[in-house]
Amino acid sequence: MADVLLINPPESTNKYRTFLNVLAPPLGIAYIAAVLEENGISVKIIDAPALRMGIEEVLGEIKRESPKVIGITCTTPIMPHASKLMKRIKEEGIDAPIVCGGNHPTFCDEDTLRSGADFVVRGEGEITFLELYRALESGEEPEKVKGISFLKNGELIRTEEREKIEDLDSLPFPARHLLPMDRYQALGLPHKFTTMIASRGCPMGCSFCASSAFHGRKLRIRSVENVVDEIEHVIQEYGVEFITFMDDTFTLLRNWVEKFCDEILRREIKIKWGATARVDRMSLDLLKKMKKSGCVALFVGVESGDQEILDRITKNVVLDQTKRAFENMRKSGILSIASVAIGY
């Protein structure tokens, strides 16, 4: 029996995943699981999409595990499925508190609570979830835990905001040993795959993006050594051959990226990797170095081919930069994937 059961809920067909042949591990709950385990709390993760589990199958697993606390992560598209799962948990009389986290619960905490959650963790969840678990176990008042929301006598309570985690190197690597690592894939490639995050926060402030509200506009970045250590770890432990960095903008700091590439080359690590990028952060010489260190694909936030729209969404780029970036990617031999916002 696990003390905590963390769930990536079931979902219907995800057109994004179908189109790009992407199925990625839920790093958010894997980070939370790692912090909980580091503090002596037993954890199990159910990644329902990866395991192709429906709501009733997940419910059966909850009954078997009988956890003290249930954690559910969700985005807005997944919220209807998370709501159905929470409803079924309550209908079955399972009395473990349900804690929801992720983008949707953070920004729509009252809606999430009235959909069945007992608590919402707002923003980064590692420390908040740990403190909430300890409070629930000891019978302390949850009001003392920063960064949570809950209902008390039908009224919404939001506790004080949690400070962002400044030293990302202090976090343990995600608990991938709790995930079905053989199930994940990217771009349909026949490689063992995982995702990683080298930084949190984005200073760019694009008006359509929730990232700066969730992680803050200050960029917090791990040391090159810590990130490359994790690369070696996933290669040794899971035979990973391809990594996608899920940072908002991996190429934001040129000096960091150059040091990262140099460290991979210095350690003679054989890995293929991809990342996100902005069109104004991709010089040809940098792309060539990235390619040499194993970069094979970049997911680029183009958003629009209309300068007026780019200005409206405060993208802070011009169309010539977009054209030059894609020319440079082609010259360097890196696959380019454009992300475009429709109807903004």
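Rule-based calculations on the coordinates, nothing more; no lab input. This structure is a prediction, so every number in the text was calculated from the model and none was measured. Quick reminder, even Gly has a Cβ in these numbers, built from the backbone with ideal geometry, and neighbours come from all protein chains shown.
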Degrees separating the helix 79-91 axis from the principal Cα axis of the chain, which is the longest one: 20 degrees
Aspartates and glutamates within cross-link reach of Lys323: Cα-Cα under 12 Å, excluding same-chain residues under 8 positions apart? Asp280
Go through the cysteines of the chain and tell me which have no other cysteine Cβ under 4.7 Å away. Cys74, Cys100, Cys108, Cys202, Cys261, Cys295
Candidates Ser199, Ser83, Ser138, ranked by Gaussian network fluctuation over the chain, Cα under 10 Å, top entry: Ser138
To test your reading of the geometry: what angle, between 0 and 90 degrees and rounded to tens, separates the Cα axis of helix 126-138 from the longest principal axis of the chain? 10 degrees
Which ³J(HN,Hα) values in Hz, rounded to whole numbers, follow from the phi angles of region 45-59 under the Karplus curve 6.51 cos²θ - 1.76 cosθ + 1.60, where θ = phi - 60° and Gly and Pro get x? 10, 10, 9, 4, x, 5, 8, 6, 9, x, 4, 5, 5, 5, 4
Counting only residues 5 or more places away or on other chains, whose amide H sits under 5 Å from the amide H of Ala338 once H atoms are built in the peptide plane? Val300
Nearest 20 debye, what's the magnitude of the dipole of region 4-158 about its Cα centre given +1 on Lys and Arg Cβ and -1 on Asp and Glu Cβ? 420 debye
List the aspartates and glutamates whose Cα lies under 12 Å from the Cα of Lys289, skipping any in the same chain that are fewer than 8 positions away. Glu258, Asp262, Glu263
Contact order normalised by residue count of the chain, Cα under 8 Å, 6+ apart, percent: 13 percent
Just from its helices, what would the mean residue ellipticity at 222 nm be for the chain, if runs of 4 or more DSSP H residues each count -39500 (n - 2.57) and the sum is divided by every residue, rounded to the nearest 500 deg cm²/dmol? -11000 deg cm²/dmol
Thr276 long-range amide H proximity, modeled H, under 5 Å: Phe245, Asp247, Phe250, Phe299
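Please compute the net charge surrounding Arg330, taking Lys and Arg as +1 and Asp and Glu as -1 over other residues with Cβ under 14 Å from its Cβ.
+4
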So how do 85-93, 115-123 stack up, highest first, on mean other-Cβ count within 10 Å? 115-123, 85-93
How large is ³J(HN,Hα), in whole Hz, for each residue of region 212-219 in order, when computed from phi with the Karplus curve 6.51 cos²θ - 1.76 cosθ + 1.60 and θ = phi - 60°, using x for Gly and Pro? 5, 6, 7, 9, x, 8, 8, 6
If you count, for each residue, the other Cβ atoms within 10 Å and average over each peptide, how do 148-157, 94-103, 288-297, 35-44 line up from highest to lowest? 94-103, 288-297, 35-44, 148-157
